[in-house]
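Q: One structure coming up, written as structure tokens, with questions to follow.
The values are calculated or read from the model by the stated rules, or taken from the named source; none is laboratory data. Everything quoted here is computed from the prediction, not taken from an experiment. Cβ: placed from backbone, ideal geometry, glycine included. Neighbour counts: every protein chain shown.
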Amino acid sequence: MIAHAAATGAAIHDRLGGAPDYARLVPLLEDPETVRFPVQVVFDAGPLQGEEVAYPLPVDGRAANGYTMYVHPALAGRTTDTVAAILYGLVVVNYGEAATGEVGEAFGAAVLGLDREAYYRTMCRIVDRVLA
């Protein structure tokens, strides 16, 4: 699954000609070649748990209705961090319960054109900054 997530992320990176900014990411959230179900972004920390800075929940509890990606409001206006956080959460939409942190790292890193360690450090910095 990690290899599949990395390959999917690399294909998105190649299709876009590089890492997406927030404006280029949003249309991808409704593109079935990118995500299994449409995703709408909402800056609201209410549903987030623990160290989550972004997490998708199915609308009305059903994946077929699409997802709402809840993003911590501290990321609003920090578009690079928002993109990284959303990419990490997208694996839940694409892989469901099989999604793991490693799958999120592989996907996010590939979309952004980073190695997994660099993406992991980016996510740690984001979480630390938001939860400080």
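Q: For region 116-129, which residues satisfy the criterion of being within 16 Å of the chain's Cα centre (by Cα) and either closer than 22 Å to ALA10 by Cβ or surrounded by 13 or more Cβ atoms within 10 Å (Cβ to Cβ) (or both)?
A: ARG116, ALA118, TYR119, TYR120, ARG121, THR122, MET123, ILE126, VAL127, listed by residue number.
Q: Here is a list of conditions, (1) of a type in the set (A, V, I, L, M); (2) crowded, with 16+ Cβ neighbours inside 10 Å; (3) outside any strand (DSSP E or B), and MET69 meets all of them except one; can you say which number that is?
A: Every condition holds for MET69 apart from (3).
Results for (1) polar (S, T, N, Q); (2) surrounded by 14 or more Cβ atoms within 10 Å (Cβ to Cβ); (3) touching a His at 6+ places or on another chain (Cβ under 8 Å); (4) farther than 18 Å from VAL127 by Cα, shown as yes or no for each residue.
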site: ILE2; (1), (2), (3), (4): no, yes, no, yes
site: ALA5; (1), (2), (3), (4): no, yes, no, yes
site: PRO20; (1), (2), (3), (4): no, yes, no, yes
site: PHE43; (1), (2), (3), (4): no, yes, yes, no
site: GLY50; (1), (2), (3), (4): no, no, no, no
site: ALA74; (1), (2), (3), (4): no, yes, no, no
site: GLU97; (1), (2), (3), (4): no, no, no, yes
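Q: Any residue that is in contact with an Asp or Glu (Cβ under 7 Å, 6 or more places away or on another chain) and either crowded, with 21+ Cβ neighbours inside 10 Å or assigned to a helix (DSSP H, G or I) (or both) - is there at least one of those in region 25-38?
A: No; the residues of region 25-38 include none that is in contact with an Asp or Glu (Cβ under 7 Å, 6 or more places away or on another chain) and either crowded, with 21+ Cβ neighbours inside 10 Å or assigned to a helix (DSSP H, G or I) (or both).
Q: Taking the condition of being part of a strand (DSSP E or B) and not β-branched (Val, Ile, Thr), how many residues in region 41-66 meet it?
A: Going through region 41-66 one residue at a time, the tally reaches 6.
Q: Okay, next question. Take the residues of region 77-100 that are of a type in the set (Gly, Ala, Ser), closer than 23 Å to PHE37 by Cα and modelled with pLDDT under 95: which is farthest from the chain's Cα centre (by Cα)?
A: This residue is ALA98.
Q: Could you give me the residue pairs with C-beta distances under 9 Å whose first residue belongs to region 44-64 and is within 16 Å of VAL91 (Cα to Cα), whose second residue is in a loop (DSSP other than H, G, I, E, B) and aliphatic (A, V, I, L, M) wherever it lies, and which are 6+ apart or on separate chains?
A: GLU52/ALA45; VAL53/ALA45; ALA54/LEU48; TYR55/LEU48
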